[in-house]
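What follows is a set of notes on a single structure, which appears directly below.
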């Protein structure tokens, strides 16, 4: 894939290229050290001042790791499972069984694709009803055999097409919400990129919910919000600021349990290090959840979602 750079990344990448060009030359160690210090200072400055719209751009970066990219760094013995046993297999959602630090568990995650051909095949990570029904089939398998569930969320939203509606898109999403809420096994959710509307929420119910540092989780995309409010999708940056949907925002709102840090410059810069941070959070969550009884898990999960949100009563 050709290098893809966001506007605010370009000055940093130019410095990195200058450093790489000097490596191997004699007598330039001091110059390299000076440039490395300058690059790190610039990187910290840029990434500490990102706007919400810039975070959206990072979350959508074409080199950002998706479910199948993270699996080799996090798990062993992964076996993908296909089909909803009712209509078809949906490539927009990947499911399977794997091992994590010696224990068996179930994986469910959105998959967008890194090139045009794969993106089209996977519908840009927008699941059809059969994708959610496939996920539910795997959740029930996890429950039957006492395996924890790990969900990776990264979708613009559920497929909005006529075919998806005819096959019961809303019912499939609602059924997943209902069933996961009372699933008798630990469920860990990690938003790795875009957390878009019901398409994300359908696999977003869990005992622990985490977001990568430069991801977002919202009821609507900034473009969709701008189209509704101002009838102008170009106002998406303003909508992003109004929606307050970044990882820090959602942590402040009590929607998620923690923010998982990303490598310097974003997860797309170092998949392995990003996976290491995710691995540590999964390990901690499993240590907290696995000792709980089924009844405790379900009660705490339901109470967790009841606490989310604020409301006012007026006369």
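FYI, it's all coordinate maths here, none of it is from the lab. As the structure is a computational prediction, the values presented were derived from the model and not from experiment. So basically every Cβ, Gly included, is an ideal-geometry build from the backbone, and we count neighbours across all protein chains shown.
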*asked:* For region 147-278, give me the percentage of DSSP beta bridges that are antiparallel, rounded to the nearest 5 percent.
replied: 5
_Pairs of Cα atoms farther than 18 Å apart, region 232-286, %_ = 53
*So what is the orientation-averaged projected area of region 167-261, using the convex hull of its C-alpha atoms, in nm²?*
7.0
*Can you check how the C-alpha radius of gyration of the chain compares to 2.2 N^0.38 Å, as a plain ratio?*
1.05
*Could you state, as a whole-number percent, how many of the C-alpha pairs of region 225-264 are farther apart than 12 Å?*
63
*If you take the C-alpha gyration tensor of region 57-104, multiply each eigenvalue by 5 and take the square root, what semi-axes do you get, largest first, in whole Å?*
22, 20, 6
*With 10 Å bins from zero, work out the P(r) of region 1-85 over every alpha carbon pair and list the percent per bin.*
13, 30, 28, 20, 7, 2, 0
*Over the chain, what is the percentage of antiparallel beta bridges among all DSSP beta bridges, to the nearest 5?*
40
_Compute a Gaussian network model of the chain, connecting alpha carbons closer than 10 Å, and tell me which residue from 177, 229, 105 fluctuates the most._
229
*Cα atoms only, region 68-200: Rg and Dmax in Å?*
13.9, 44
*Work the Kirkwood hydrodynamic radius out for region 7-49: mean of 1/r over every pair of different alpha-carbon atoms, inverted, in Å.*
10.8
*Calculate the length of the line joining the C-alpha centroid of region 80-146 to that of region 274-313, in whole Å.*
22
_With N set to the number of residues, divide the alpha-carbon radius of gyration of region 200-315 by 2.2 N^0.38 Å and report two decimals._
1.28
*At 7 Å along the Cα-to-beta-carbon direction for both residue 87 and residue 264, put a label point, then send me their distance in nm to one decimal.*
4.8
_Regarding region 79-136, what's the average projected area of the Cα-atom convex hull, expressed in nm²?_
4.3
*Give me the angle, in degrees from 0 to 90, between the Cα long axis of helix 271-289 and the longest principal axis of the Cα atoms of the chain, rounded to the nearest 10.*
40
